[in-house]
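This report refers to the structure that appears directly beneath it.
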Amino acid sequence: MNIQPRQTKPPLKILLCSPRGFCAGVVRAIDAVERALAKFGPPVYVRHEIVHNRYVVEALKAKGAIFVEELEEVPDTTAPVIFSAHGVAKSVSAAAEARNLLAIDATCPLVTKVHREAEIHWKRGRRVLLVGHSGHPEVVGTMGQLPDGAVVLVESVESVAALRLEDESNLAYVTQTTLSLDDSLEIVQALTKRFPHIVGPHKEDICYATTNRQAAVKQVAPQVEAVIVVGSPNSSNSQRLREVAERTGAPAQLVQGRREIDWSVFGNIRSLGITAGASAPEVLVEEIMDAFAERYEITVETVSAADEDVSFPLPKELRAHV
């Protein structure tokens, strides 16, 4: 009798970053859409992706959410229109009010904090500098809290040197909430060096979730041969996790699901770090781990950088029981 030798899978140690995945602002935004669907029935319109994750968006579409990029795409309707977690310019809110739309603002409270800071600085006569990435919806929303030209976007250390401002003694800065801590620190240091009297936030603008997820990656990346970040390419915090991993010394892939894994990169790998951006659901992390378990004999260890117990209340229009 010809007995075939049993195929053994190579061992792989997975270090699972904690915290990872959904943050309180994302949970609140997704819950807002689901609660609105339950309370008002479909359709519920959502301006921009409620959070930057294809899996989440498709799941909400299946329940009756209709996603649009601009308010003009929403017909005259009594159905609710939800603003995404990234926040919107005041002109968007004003346009919704002018049309008597039932607007529900699911902006993350930590983004709203930055909006309020920018407004306060402006009312106190300060020119506002915003550290962030051009075109990102959060940046568009923050700049849209003040009149055109009132906010100056600063994207890099190099752009600090190129700034030409009329009154350099009366400045303040705020930051996008999903930046790399290291990159933003460099830019802020450059700002404070050039403008010694510039006023900063009372409390760091970069949100707790971004901070904690980057800290976990910094712990894991030096211990592994590669890192997978589960998240969408248009997710700023997911892209920053990939950059942090690579800066700390581990090649990193940003994937939305198992079908995007580039297996040619891994081969004889014996250690792997896995994390997820703040808008990526845990089911996608499990899917990635299952894909590796099919090819490797995996052992899993969780590396924790912080405990999170933050939660935010739903928008007021949705707090009553359905």
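Structure values in brief
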| read-out | value |
| --- | --- |
| Residue list for the range 135-175, filter: closer than 15 Å to A89 by Cβ and assigned to a loop (DSSP other than H, G, I, E, B) | G135, H136, G144, Q145, L146, P147, D148, G149, A150 |
| Only one of C23, C17 that is surrounded by 21 or more Cβ atoms within 10 Å (Cβ to Cβ), more than 23 Å from E138 (Cα to Cα) and within 18 Å of the chain's Cα centre (by Cα) | C17 |
| Condition check for A38: over 21 Å from V92 (Cβ atoms) and of a type in the set (A, V, I, L, M, F, W, C) | yes |
| Positions within the range 291-306 being under 17 Å from I261 (Cα atoms) and surrounded by 16 or more Cβ atoms within 10 Å (Cβ to Cβ), in sequence order | A291, F292, Y296, I298 |
| Conditions (1) touching a residue at least 40 places away in the same chain (Cβ under 8 Å); (2) within 24 Å of L241 (Cβ to Cβ); (3) within 20 Å of the chain's Cα centre (by Cα): number failed by G144 | (2) |
| Single residue of the range 183-240 satisfying the filter (exposed (fewer than 15 other Cβ atoms within 10 Å of the Cβ) and of a type in the set (K, R)) that is nearest to the chain's Cα centre (by Cα) | K203 |
| Single residue of R270, R319 found to be loosely packed, with under 14 Cβ neighbours inside 10 Å and modelled with pLDDT of 95 or more | R270 |
| Scope the range 240-277; condition within 18 Å of T178 (Cα to Cα), in a strand (DSSP E or B) and β-branched (V, I, T); matching residues | T275 |
| Some residue of the range 101-117 being in a helix (DSSP H, G or I), on the phi < 0 side of the Ramachandran plot and without any contact (Cβ under 8 Å) to a residue 12 or more places away in the chain | yes |
| Qualifying residue in the range 35-49 (condition: within 30 Å of S304 (Cβ to Cβ) and either touching a Cys at 6+ places or on another chain (Cβ under 9 Å) or surrounded by 12 or more Cβ atoms within 10 Å (Cβ to Cβ) (or both)) | yes |
| Residue count for the range 195-239, restricted to those that are part of a loop (DSSP other than H, G, I, E, B), more than 18 Å from G132 (Cβ to Cβ) and among the basic types (K, R) | 0 |
| Members of the range 162-179 that are among the charged types (D, E, K, R) and in contact (Cβ under 8 Å) with a residue 40 or more places away in the chain | D167 |
| Selection status of A85, small (G, A, S), under 30 Å from D183 (Cβ atoms), in contact (Cβ under 8 Å) with a residue 60 or more places away in the chain and not assigned by TED's automatic domain parsing to the domain that holds T142 | yes |
| Only one of I66, I30 that is farther than 30 Å from P222 by Cα, surrounded by fewer than 18 Cβ atoms within 10 Å (Cβ to Cβ) and touching a residue at least 12 places away in the same chain (Cβ under 8 Å) | I66 |
| Set V151, V160, V114, V128: member being at pLDDT 95 or above and in contact with a Lys or Arg (Cβ under 8 Å, 6 or more places away or on another chain) | V160 |
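The values are calculated or read from the model by the stated rules, or taken from the named source; none is laboratory data. Because the structure is predicted, anything quoted here is derived from the model rather than measured. Ideal geometry is used to build each Cβ from the backbone, glycine not excepted, and the neighbour counts take in all protein chains shown.
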